[in-house]
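**Q** Here's a structure for you.
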Amino acid sequence: MKLRLLASIAIFAGSYFPLSLILLAQDFRFELLGAQLCWPVNSTDCVLPFRNGLFPIIIFAVCSVGLVISLLALWSIKPKTAIDTIEVKHVPAELMSYTLPYVVSFMSLEYQETGKFFGLIIFLFWIFLITYRSGQLILNPLLVVLGWRLYEVKYCFPGDNKTYTGKALSKSHLEPGVRYKQLQAQDILVISK
């Protein structure tokens, strides 16, 4: 199953939900913590408690929606094709592509610093392109928090002696010699019992 571009962008944005939360917190004006919120936002006496107005809120909202879409997509997957596992090895999630942007968020990134901000956008674009083209987009560190595990599995289809090797995501603990149901999303098997 090849992910559509919009779904891929949503999954990628959802994987950066923690980064958007960090940037939102860094942009918050804590001196306005006790100030009364006003409504509507476009009111002349309204002061948003963020240095850059609605911009960090929009980024946070986009990442939040992406996270919700990602989770709904994963929970809606109904694996149908049976496989028999031969070997199963738990693999820690590949977090390097997600670690660097978090480090960048603590290097005095300001929304007003246009050059640095666009540099981060270009960097994230390249990470998206690499993960999308490599078929690894669905590997999301937030899934680890939600109980998903990454495995390297050697498997075969029932009635076929040819063996295959691939990466698999599962909420269940996988064991060798067990029949599971799977659905392939890009190059990752999503497995259930």
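**Q** Which residue out of 78, 2 is closer than 16 Å to residue 190 by Cα and modelled with pLDDT under 85? Talk me through it step by step, then tell me what you get.
**A** Working: 78 fails: modelled with pLDDT under 85.
The match here is 2.
**Q** Something else about it: Could you check, for the stretch 147-163, whether at least one of its residues is within 19 Å of residue 63 (Cβ to Cβ) and at pLDDT 80 or above? Talk me through it step by step, then tell me what you get.
**A** Restricting attention to the stretch 147-163, the residues satisfying the condition of being within 19 Å of residue 63 (Cβ to Cβ) are 148.
Filter again for at pLDDT 80 or above, leaving 148.
Among the residues of the stretch 147-163, at least one is within 19 Å of residue 63 (Cβ to Cβ) and at pLDDT 80 or above, which makes the answer yes.
**Q** Exactly one of these conditions fails for residue 62: (1) open to solvent by 60 Å² or more (accessible area, probe 1.4 Å); (2) under 24 Å from residue 190 (Cβ atoms); (3) of a type in the set (A, V, I, L, M). Give me its number.
**A** Looking at each condition in turn, residue 62 falls short on (2).
**Q** So, one more: Restrict the check to the stretch 81-88 and report whether at least one residue is surrounded by fewer than 11 Cβ atoms within 10 Å (Cβ to Cβ), at pLDDT 80 or above and not aromatic (Phe, Trp, Tyr). Steps first, please.
**A** Pass one, the stretch 81-88, residues surrounded by fewer than 11 Cβ atoms within 10 Å (Cβ to Cβ): none.
Scanning the stretch 81-88, I find no residue that is surrounded by fewer than 11 Cβ atoms within 10 Å (Cβ to Cβ), at pLDDT 80 or above and not aromatic (Phe, Trp, Tyr), so the answer is no.
**Q** Looking at the stretch 113-135, is at least one residue under 22 Å from residue 171 (Cα atoms), surrounded by 15 or more Cβ atoms within 10 Å (Cβ to Cβ) and at pLDDT 80 or above?
**A** Checked the stretch 113-135: no residue is under 22 Å from residue 171 (Cα atoms), surrounded by 15 or more Cβ atoms within 10 Å (Cβ to Cβ) and at pLDDT 80 or above.
**Q** Still on this structure, I have one more. Count, please, the residues in the stretch 154-193 that happen to be in a strand (DSSP E or B) and open to solvent by less than 60 Å² (accessible area, probe 1.4 Å).
**A** Kept after step one, since they are in a strand (DSSP E or B), are these residues of the stretch 154-193: 154-156, 164-170, 179-185, 188-192.
Right, trim to open to solvent by less than 60 Å² (accessible area, probe 1.4 Å) and you get 155-156, 166-170, 180, 182-183, 185, 188-192.
Matching residues across the stretch 154-193 total 16.
The values are calculated or read from the model by the stated rules, or taken from the named source; none is laboratory data. The shown structure was predicted, so the numbers you read here are calculated from the model rather than taken from an experiment. Backbone-built Cβ (ideal geometry, glycine too); neighbour counts: all protein chains shown. These accessible areas exclude ligands, DNA and RNA; they are computed on the full protein's heavy atoms, side chains included. Shrake-Rupley method; radii C 1.70, N 1.55, O 1.52, S 1.80 Å.
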